[in-house]
Amino acid sequence: MRTYYLSAFLGLTGSIAIVAPLPVKAATFDFDQLQYISSRPIDSAYRLDLLGTPSENQGYLGFFNANPDAPDAGHADISLNASGNGAPYYTTGRQASPQLPPNGATRTASAIAIAGFPSLSSYVTNNAINLSDLGFGFGQKSDVYDGLRLRNPTTTWNLGEDKLGQDWFASKTSKIEERIYKANPDDVELFLSYGANKIVDLGYSNIYSVLDYGATTQVIDDIDVGYTDPTQATKVAGLDPFADGLANAFLQDVAAEGGGVQVFIEDNQVDDSNVVFDNNGFNIFNLRFIGSLRAVPIAAVPEPSHVLGLLMFGSLIAVSRRKKHKSRVG
């Protein structure tokens with residue numbers, strides 16, 4: 001039976017509690033509550049639904065330096081009704097985990113359903129493709145894509161200087177926390193795969209994490225949301241004819257909906273998350289990934305506009321509990 005619960009996707013709360021199994025409940029985040037992140041998820045009829053669980057050697061993880069005094073140890077969560085257990089500094093997909101020995105994972109999540117995407121749906125049906133053979137992944141790149149020569153895990157998406165009012169936003173009077181995970185675009189990747197092989201490069205985006213800590217300090221009423229900006233998808237070079245046709249079908253549908261791809265997650269259910277303490281110098285939370293890839297207009301990418309909010313916020317709230325050194329982020 002599952003022992004640990006950690007709020008899902010890119011919220012990365014670090015909140016661990018022993019809980020009993022719960023009935024499924026509906027939860028929807030109200031994006032009008034956001035004050036600092038200007039980007040928003042975009043509705044789409046073209047959706048590739050995804051699921052990745054630790055028990056299937058998929059999912060994603062949040063991790064941080066096991067030394068609590070290290071600059072990449074993450075920050076304390078201060079929001080109203082927060083657990084107080086802190087926020088991991090890094091995030092990456094299961095296939096790019098820093099855990100040793102390597103876990104052999106090749107992806108973050110597998111496709112479980114298609115809505116819209118007529119060209120992709122036809123190609124999948126006509127070629128008797130198992131939908132679960134389509135996968136999604138994110139994390140630091142490998143110089144040779146064999147799952148063995150990954151770049152340093154600290155090059156993945158992270159909280160930068162981890163400064164309150166710059167990299168994350170919260171207050172003791174609000175139950176909402178907003179986080180912006182960034183990386184050097186040359187060091188990381190978002191991708192669509194077939195089997196263990198990448199077929200579409202999904203480009204780069206910041207990862208926006210939003211947490212609603214609910215009416216109580218218990219994690220059972222939390223809502224966790226994560227999403228990217230719309231990105232430009234491109235076909236990976238050198239594909240065999242079959243994979244090339246599959247990539248083309250996906251890209252044709254994306255082009256029909258405006259040329260952009262957006263990752264979106266909203267999750268509030270208990271799952272089979274687990275915790276690995278002090279492995280390869282990190283504390284690691286292995287988490288379920290549940291969400292979708294959406295085909296959306298690329299023109300819908302909002303201009304970064306949280307600077308004004310940052311200035312207003314800075315006049316009201318002190319910065320984080322300790323000064324962070326400059327990290328390698330884009």
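Values quoted throughout were computed directly from the atomic coordinates according to the rules given, and no laboratory measurement underlies them. In this text, all values refer to a predicted model and were calculated from it rather than measured experimentally. A quick note on method: Cβ atoms are made from the backbone with ideal geometry, for glycine too, and the neighbour counts reach across all protein chains shown.
Taking Lys and Arg as +1 and Asp and Glu as -1, the other residues whose beta-carbon sits under 12 Å from that of Phe63 total -1. Taken along the Cα-to-beta-carbon direction at a fixed 7 Å, the label points for Ala45 and Asn130 span 3.2 nm.
Put a plus charge on the Cβ of each Lys and Arg, a minus charge on the Cβ of each Asp and Glu, and nothing anywhere else: the dipole of the stretch 95-223 about its Cα centre is then about 120 debye. Classified by the C-alpha gyration tensor, the stretch 45-114 has an oblate form. Its axis ratio a/c, with a ≥ b ≥ c, is 1.5 or above, and a/b does not exceed b/c.
Excluding same-chain neighbours fewer than eight residues apart, the aspartates and glutamates reachable from Lys141 by a Cα-Cα span under 12 Å are Asp186, Asp187, Glu189, Asp201. Measuring r between the beta carbons of Ala237 and Ala113 and using R0 = 25 Å, the FRET efficiency lands at 0.30.
Given their separation in residues at 0.36 nm each and the Cα-Cα distance between them, Asn67 and Ala256 gain 63.2 nm when the chain is fully extended.
Extent of the stretch 50-181 along its three principal axes (Cα atoms, max minus min coordinate, largest first): 54, 35, 25 Å.
One chain, two ends: Asp30 and Glu56. Fully extended at 0.36 nm per residue, the span grows by 6.2 nm beyond their Cα-Cα distance.
Once the C-beta distance of Asn279 and Ala76 is scaled by a Förster radius of 22 Å, the resulting FRET efficiency is 0.45 to the nearest 0.05.
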